[in-house]
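Nothing in this text is a laboratory measurement; each read-out follows from the coordinates by a stated rule. Everything quoted here is computed from the prediction, not taken from an experiment. Methodologically, a virtual Cβ is constructed for each residue, glycine included, from the backbone with ideal geometry; neighbour enumeration extends over all protein chains shown.
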Amino acid sequence: MTKAGIIGNGVAATAAIRELKTLDSDIKIDVFSDERHAYYPKPSLMEYVGGVRTQEEVIRYNQDWYENQDVNLHLATPVTHIDAGIRSLTTPSKIYTGYDALLLAVGSYPFVPPFEGLDKKNVHVMRTFDDAIDIKEAVAGAGREIIVGGGILGIELAAGIKKIGGDPIVVTNVDRLLPIQLDGGASEILRMHLENMGVTSLMGFTCTGVVGDDAAAGVVSSAGDSIDGDLIVIATGVRSNVELARRSNLTIRRGIEVDRFMQTSAPRIYAAGDCAECDGEWYGIIPWALETSKIAARNMIDHGSARFEGITPANTLKVAGIDLTSIGKVHIETPEYEQIISVDREKGTYYKAVIKGNVVVGGISLGNRQVAMRIRQLVTKAADVTDIRASLFEPE
Ligand SMILES: Cc1cc2nc3c(=O)[nH]c(=O)nc-3n(C[C@H](O)[C@H](O)[C@H](O)COP(=O)(O)OP(=O)(O)OC[C@H]3O[C@@H](n4cnc5c(N)ncnc54)[C@H](O)[C@@H]3O)c2cc1C
């Protein structure tokens with residue numbers, strides 16, 4: 001292969017560039033991003049909001065990184081159409097042709113429920129560097145910040161806002177925080193830690209709208225409750241960016257459908273990261289983006305050379321002072337799974353291992369990094385734990 005086109009410039013795209021260049025240093029690559037910034041890792045945005053990083057420190061790969069590898073980076077250049085038959089790309093100013101393989105690494109976008117009043121000033125989402133810049137600026141003039149959504153993004157953002165002097169409250173429609181990664185017990189301990197840091201969270205608040213005149217002045221719930229606040233951030237999940245693929249007649253499910261080689265329904269057109277769905281599996285996390293893009297890149301060079309075998313999803317909450325990791329299966333729905341739980345409210349720790357056939361297949365560790373590493377190891381090794389059940393949470 002001599003020429004590759006990559007649409008998107010997030011972690012999936014940059015991991016693919018590294019892999020392509022390792023396999024073939026002569027390959028020509030065009031990268032198209034609809035953003036104005038070069039590559040930044042999204043977790044750094046939280047550090048920017050929390051005052052740990054400057055804007056300059058957020059950018060991981062500047063233009064030089066691309067130039068040094070002979071990669072053409074087209075910033076602020078959205079791809080609006082792909083001709084799958086001849087693998088050409090249309091942008092607002094030009095049509096690019098001659099690609100041997102293409103990679104869609106277009107990520108995902110924030111899902112915003114159809115709330116009333118979304119058009120008011122100071123209602124934000126948090127996805128891009130520009131979103132983070134806007135939110136940080138808005139915190140400076142805000143009295144109280146309301147984060148709608150109690151997932152990882154919402155909690156990390158609230159902690160960052162607190163760090164720079166804000167007064168955040170997190171509201172969620174369900175009965176616990178991080179509902180995908182935690183059970184009720186772990187969520188309770190997490191809430192305790194957050195309260196101690198000055199981050200309030202309110203469960204069972206089904207937000208239906210933003211109130212205020214020109215600018216946001218608060219949110220209301222389906223039960224008629226209201227909370228005052230002048231900065232609202234909606235963090236209610238993400239959806240894959242599938243529009244470009246749909247318009248280009250590629251097969252779509254929840255994400256862009258790919259096979260185990262990360263190939264879409266069109267030959268030599270691949271997808272990876274948040275936008276890709278493989279065999280019904282999809283995660284909006286960095287480990288997924290890294291693994292799927294590596295597989296895609298290998299197949300772009302030599303189709304059939306690498307097969308995706310799945311990942312074990314893992315999430316770590318990045319809030320200073322709170323050590324929280326959730327890995328693999330944490331919710332039990334059927335009898336073949338059992339769970340071992342150890343809680344110490346005084347110490348603020350919560351450990352859980354989910355076991356199937358004497359093998360740990362998932363778990364939660366809140367409050368101790370060593371235990372988190374231990375659970376991670378047990379899950380990764382898939383070792384038989386029959387003889388160590390009593391000491392599962394004792395760090396080695
Ligand atoms: C603030 C924040 C913090 C996070 N922290 C973590 C974390 O700690 N750990 C973790 O595992 N995950 C985290 N995530 C999730 C993680 O960042 C994503 O899973 C990851 O970024 C997905 O990478 P991607 O390359 O698939 O997509 P993205 O990073 O979304 O990149 C896709 C890029 O493609 C661009 N694009 C879209 N359409 C077009 C088009 N038509 N033409 C050109 N460009 C286009 C988009 O603008 C975007 O720049 C975080 C997410 C956010 C928002």
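Below, the figures for the structure above:
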quantity	calculated
Residue within the stretch 208-224 that is in contact with a helix residue (DSSP H, G or I) (Cβ under 6 Å, 6 or more places away or on another chain) and in a strand (DSSP E or B) present	no
Subset of the stretch 66-85 (residues that are closer than 20 Å to Ala276 by Cα, within 11 Å of the ligand (Cβ to nearest atom) and either part of a loop (DSSP other than H, G, I, E, B) or touching a Pro at 6+ places or on another chain (Cβ under 7 Å) (or both))	Pro78, Val79, Thr80
Test for Ile286: is it among the β-branched types (Val, Ile, Thr), surrounded by 19 or more Cβ atoms within 10 Å (Cβ to Cβ), away from the ligand (no atom under 16 Å from the Cβ) and under 27 Å from Gln181 (Cα atoms)	no
Subset of the stretch 86-140 that is β-branched (Val, Ile, Thr) and within 30 Å of Gly229 (Cβ to Cβ) - its residue that is nearest to the ligand (Cβ to nearest atom)	Thr128
Test result for Leu73, over 21 Å from the mean Cα position of the chain (by Cα), closer than 25 Å to Ala132 by Cα, touching a residue at least 60 places away in the same chain (Cβ under 8 Å) and surrounded by 18 or more Cβ atoms within 10 Å (Cβ to Cβ)	yes
Filtered residue count, the stretch 19-55, keeping only those that are within 13 Å of the ligand (Cβ to nearest atom), charged (D, E, K, R) and more than 18 Å from Gly98 (Cα to Cα)	6
Of the criteria (1) under 27 Å from Arg127 (Cβ atoms); (2) in a helix (DSSP H, G or I); (3) in contact with a strand residue (DSSP E or B) (Cβ under 9 Å, 6 or more places away or on another chain), which one Ile327 fails	(2)
Filtered residues of the stretch 225-259 (kept if part of a loop (DSSP other than H, G, I, E, B) and not polar (S, T, N, Q))	Asp225, Gly229, Asp230, Ala235, Gly237, Val242, Leu250, Arg253, Arg254, Gly255, Asp259
Close pairs (6 angstrom Cβ cut-off, 6 or more residues apart or separate chains): closer than 13 Å to Val233 by Cβ in the stretch 127-151, of a type in the set (Ser, Thr, Tyr) and near the ligand (Cβ under 10 Å from one of its atoms) anywhere	Ala132/Tyr48
Residue selected from the stretch 264-281 under the condition more than 21 Å from Leu317 (Cβ to Cβ) and within 14 Å of the chain's Cα centre (by Cα), by the criterion nearest to the ligand (Cβ to nearest atom)	Gly273
Unique match (being over 17 Å from Leu231 (Cβ atoms) and buried (at least 19 other Cβ atoms within 10 Å of the Cβ)) among Leu190, Leu157	Leu190
Cross-chain or 6+ apart pairs with Cβ under 8 Å, the stretch 283-308 first and over 19 Å from Val106 (Cβ atoms), then within 16 Å of the ligand (Cβ to nearest atom)	Arg298/Glu19; Ile301/Leu20; Ala306/Lys294; Ala306/Ile295; Arg307/Ile295
Single residue of Ser293, Ser326 found to be farther than 28 Å from Thr77 by Cβ, within 14 Å of the ligand (Cβ to nearest atom), crowded, with 23+ Cβ neighbours inside 10 Å and not aliphatic (A, V, I, L, M)	Ser326
Selection within the stretch 245-278 - aliphatic (A, V, I, L, M) and buried (at least 22 other Cβ atoms within 10 Å of the Cβ)	Ala245, Ile256, Val258, Met262, Ile269, Ala271, Ala272, Ala276
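So that you can scan it fast, the table gives a plain yes or no per residue for (1) in contact with a strand residue (DSSP E or B) (Cβ under 8 Å, 6 or more places away or on another chain); (2) closer than 30 Å to Gly321 by Cα:
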residue: Arg36; (1), (2): no, no
residue: Leu45; (1), (2): no, yes
residue: Gln63; (1), (2): yes, no
residue: Asn68; (1), (2): no, no
residue: Val71; (1), (2): yes, no
residue: Pro78; (1), (2): yes, no
residue: Ile86; (1), (2): no, no
residue: Leu104; (1), (2): yes, no
